[in-house]
Amino acid sequence: MTDLPEETGEERVDVALGGLARLEALPVSAHAGVFEEVFAGFEQALASVDGVTGQHR
């Protein structure tokens, strides 16, 4: 797996990226679910910057 930076400087993004660490221990069939969780974390972080928390775009 590609080495990821330990921290981005944005806590919400770091938490979302932390989910990717689980991929190595999971079967490939479970990866899509992890990617969806990480993406949702990114959406929440971006929405909070825009002041639109809790809403999907």
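Things worth noting here:
- Summed side-chain charge close to Ala30 - residues other than Ala30 whose Cβ falls under 12 Å, Lys, Arg +1, Asp, Glu -1: -2
- For Thr8, the residues 5 or more places off, or on other chains, whose built amide H falls under 5 Å of its own are Asp14.
- Kirkwood-based Rg to Rh ratio, the range 11-50, C-alpha trace: 1.05
- Distance in nm between pseudo-label sites at Glu10 and Ser48 (7 Å out along the Cβ direction from Cα): 1.1
FYI, it's all coordinate maths here, none of it is from the lab. Small disclaimer: the values here were computed from a predicted structure and weren't measured. Ideal geometry is used to build each Cβ from the backbone, glycine not excepted, and the neighbour counts take in all protein chains shown.
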